[in-house]
1. Of everything in segment 14-39, what is more than 21 Å from G95 (Cα to Cα) and either of a type in the set (G, A, S) or in a helix (DSSP H, G or I) (or both)? Give them in sequence order.
2. Looking at L96, L110 in this structure, which one is surrounded by 19 or more Cβ atoms within 10 Å (Cβ to Cβ) and of a type in the set (A, V, I, L, M, F, W, C)?
3. For segment 134-147, give me each residue that is among the charged types (D, E, K, R) and surrounded by 14 or more Cβ atoms within 10 Å (Cβ to Cβ).
4. Test of understanding: among A104, A150, A118, which residue is outside any helix (DSSP H, G or I) and either at pLDDT 95 or above or buried (at least 19 other Cβ atoms within 10 Å of the Cβ) (or both)?
5. Just name the residue that is farthest from the chain's Cα centre (by Cα) out of those in segment 101-146 that are farther than 23 Å from A157 by Cβ and among the small types (G, A, S).
6. Could you run through segment 157-178 and say how many residues are surrounded by 18 or more Cβ atoms within 10 Å (Cβ to Cβ) and aromatic (F, W, Y)?
7. What are the pairs, 6+ residues apart or on separate chains, where a residue within segment 124-137 that is under 11 Å from L87 (Cβ atoms) has its Cβ under 8 Å from a residue that is buried (at least 23 other Cβ atoms within 10 Å of the Cβ) and polar (S, T, N, Q)?
8. Can you pull out the residues in segment 152-178 that are closer than 20 Å to G95 by Cα and polar (S, T, N, Q)?
Amino acid sequence: MNKVHNGDDMNLEKTNPWIVLAVLCGAVTLAGVDMTVLNVALPTLALKLNATTSEKLWMVNAYALIMAALLPGFGTLSDRIGHKKVLIIGMIIFGLSSLIAAFATSPSILIFSRGVLAIGAAMMVPTTLSIVRVVFTEDQDRAIAIGIWAAVWSGAAAIGPILGGILLEYFWWGSVFL
């Protein structure tokens, strides 16, 4: 396999890898939480947006379906054009679509924004793992970093419903996307 190293990844190699991992884990946490946070908010969302059963299913499932379909392609794209570039673009897409989801006024807008959120997440998740591979040059450190990355990804998905419940207790339904 051709290993592509362009300028943006070379700059990452000069940074403290543990700081880079902390930033990457922040991005993965957002994507992981968004996978499950809507499960708790769905009854409130359905009521406020007057959603049909079909719309409720799409609100929940659009994110996972689109993200899963795009993960391999965006992983390959980041290897070709640069991990840092794809990560930053993914984070911007994720952030903007989170704002749209938080202030959605109809089920259609929420479903659309969840789909766009999935595009941002599909850019972020494989790219963060690729960056871990680049910045951790020692095998033992790389193994530990990948373990931390996987634990954060899994933990974020697990904590999503808990976080959603807390946010719904004190804020409005759109807060689960912010």
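The values are calculated or read from the model by the stated rules, or taken from the named source; none is laboratory data. From a predicted model like this one, the values you see are computed outputs, not experimental measurements. Neighbour counts are summed over all protein chains in view; Cβ atoms, including those assigned to glycine, are modelled from backbone coordinates with ideal geometry.
1. If the condition is that a residue be more than 21 Å from G95 (Cα to Cα) and either of a type in the set (G, A, S) or in a helix (DSSP H, G or I) (or both), then P17, W18, I19 are the ones that fit.
2. Values: L96 fails: surrounded by 19 or more Cβ atoms within 10 Å (Cβ to Cβ).
Answer to the check: L110.
3. Pass one, segment 134-147, residues among the charged types (D, E, K, R): 138-139, 141-142.
Across segment 134-147, the qualifying residues are D141, R142.
4. Numbers: A150 fails: outside any helix (DSSP H, G or I); A118 fails: outside any helix (DSSP H, G or I).
After applying the criteria, what remains is A104.
5. Only one residue tops the list, namely S106.
6. 2
7. Partner pairs satisfying both residue conditions: P126/S78; T127/S78; S130/S78.
8. Listed by number, the list holds a single entry, S175.
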